[in-house]
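Colleague: Sending over a structure as structure tokens; questions will come in a sec.
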Amino acid sequence: MSMERDARAEPVAAAAEGRPSAPIVVLIAEDERSIAALVAEIVAEAGYLPLVATHGRQALDLARERWPALVITDLMMPHLDGAGLIAALRTEAAARGSAAPPIVLMTAASLRFARAAEADVILRKPFNIVELEALLHRFLERRGVP
């Protein structure tokens, strides 16, 4: 008998242990591929599922397919900037009758400009990896996600 857990039994085992059965999704919207890859790696190492979009419209489409527990977005992106994405996610959440996910806005722009986007938190670029990890845990634990 194998000691490995059957993948089909994982959702049942997770529920029995009080763990979520589906991966916890963190949406990352960042047009700089190296930054997106770094953030995705941090998210994955923390045990969450990163979904990466290279612009705001793509991020909104991904969010509609798999509603995220947390969004980490750049402010300045093509097609739909971070402020537009934040507004669209809040509109989408209202249409769904649910709360919008917490949103972390990463930017090198002025704080005055970044504050106008109305994110939950502004993370200045270049950012500190430990600070990003702390934000991940703070927002996901606040929502009851381990």
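The values are calculated or read from the model by the stated rules, or taken from the named source; none is laboratory data. Since the model is a prediction, treat every value here as computed from it, not as a measurement. Heads up, the Cβs are rebuilt from the backbone with ideal geometry, glycines too, and the neighbour counts pull from every protein chain shown.
Colleague: State the number of residues belonging to the stretch 94-146 that are farther than 17 Å from Leu38 by Cβ, outside any helix (DSSP H, G or I) and in contact (Cβ under 8 Å) with a residue 24 or more places away in the chain. Outline the logic, then answer.
Modeller: In the first step, residues of the stretch 94-146 are kept if they are farther than 17 Å from Leu38 by Cβ; the result is 94-103, 109-122, 137-146.
Within this subset, residues satisfying the condition of being outside any helix (DSSP H, G or I) are 97-103, 109-110, 116-122, 143-146.
This time we only want the ones that are in contact (Cβ under 8 Å) with a residue 24 or more places away in the chain, so: 98, 101-103, 109, 116-119, 143, 145-146.
The qualifying residues number 12.
Colleague: Here's another thing I want to ask about it. Name the residues in the stretch 46-66 that are within 17 Å of Gly82 (Cα to Cα) and among the hydrophobic types (A, V, I, L, M, F, W, C), would you? Explain how you work it out, then say what you get.
Modeller: Residues of the stretch 46-66 that are within 17 Å of Gly82 (Cα to Cα), as a first pass: 51-64.
Residues satisfying the conditions are Leu51, Val52, Ala53, Ala59, Leu60, Leu62, Ala63.
Colleague: Which residue out of Arg57, Arg96, Arg112, Arg66 is surrounded by fewer than 19 Cβ atoms within 10 Å (Cβ to Cβ), touching a strand residue (DSSP E or B) at 6+ places or on another chain (Cβ under 6 Å) and not β-branched (Val, Ile, Thr)?
Modeller: Arg66
Colleague: I would also like to ask the following. Could you please find all residues in the stretch 20-67 being more than 22 Å from Arg96 (Cβ to Cβ) and assigned to a loop (DSSP other than H, G, I, E, B)?
Modeller: Selection gives Glu30, Asp31, Glu32, Ala46, Gly47, Thr54, His55.
Colleague: Another question, if that's okay. If you check Thr107, Thr91, Thr73, which single one turns out to be surrounded by 19 or more Cβ atoms within 10 Å (Cβ to Cβ) and more than 15 Å from the chain's Cα centre (by Cα)? Step through it out loud before you land on a result.
Modeller: Working: Thr91 fails: surrounded by 19 or more Cβ atoms within 10 Å (Cβ to Cβ); Thr73 fails: more than 15 Å from the chain's Cα centre (by Cα).
Going through Thr107, Thr91, Thr73 in turn, the sole match is Thr107.
Colleague: Scanning for something polar (S, T, N, Q) and touching a residue at least 40 places away in the same chain (Cβ under 8 Å), does the stretch 61-75 turn up at least one residue? Before you say what the answer is, go through the steps one by one.
Modeller: At the first step, the residues of the stretch 61-75 found to be polar (S, T, N, Q) are 73.
Going one step further and asking which of them are touching a residue at least 40 places away in the same chain (Cβ under 8 Å), we end up with 73.
The answer is yes; a qualifying residue exists.
Colleague: Now, a different point. Might you let me know whether the stretch 78-99 holds any residue that is at pLDDT below 95 and within 18 Å of Ile24 (Cα to Cα)?
Modeller: Yes, the conditions are met somewhere in the stretch 78-99.
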